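The block underneath contains the structure these notes are about, expressed in C-alpha cells.
Just so you know, all these numbers are worked out from the coordinates, no wet-lab data involved. A quick note: this is a predicted structure, and the numbers were derived from the prediction, not measured. Note that we place each Cβ from the backbone using ideal geometry, even for glycine, and neighbour counts take in every protein chain shown.
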C-alpha cells in the first residue's frame, strides 16, 4: 500500500467500523415496544424497536426501516473491496493502483446509530 492509497483504505476502515457498530446494536440491543401519543389527540401508537439495554436512552431506537440502509451499506463495501482485491491481483507487483483507490470512498454509511433526542413517551 502506498501513502496515496491510505486515504482509500482509511475510508474503507471507517465505513467497516460504522457497519460493525450497527451490527453490534442489532445483535446485542434488546427488543422494546415504544408507545407514542399522537399529537392533538388522545390516541397512542406503538412501535416495535431495538434499543440499548441500559437506563438512560443515549441513542435512537432501531426499527425495521433501519435495516435496509445497513444491507445496502454491506453490498456497497463488499463491491468496493472486491474491486480493490481484483485490481491488486491483476496488476504487476510494482504497478500503481488506479486513481480511484487514491481517494476516499465515494459515499458514507447510510445506516447509522444516532444520538437520541427527547420524545414524548406515554407512561403508565
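Just a few scattered comments:
- Cα long-axis angle, helix 6-28 against the chain (0 to 90 degrees, to the nearest 10): 30 degrees
- Residue 102 versus residue 71: modelled label distance in nm, points set 7 Å from Cα along the beta carbon direction: 3.8 nm
- Net length gained if the chain between residue 17 and residue 60 were fully extended (0.36 nm per residue, minus Cα distance): 13.6 nm
- Angle between the chain longest axis and helix 67-90 axis [Cα atoms, degrees, rounded to 10]: 10 degrees
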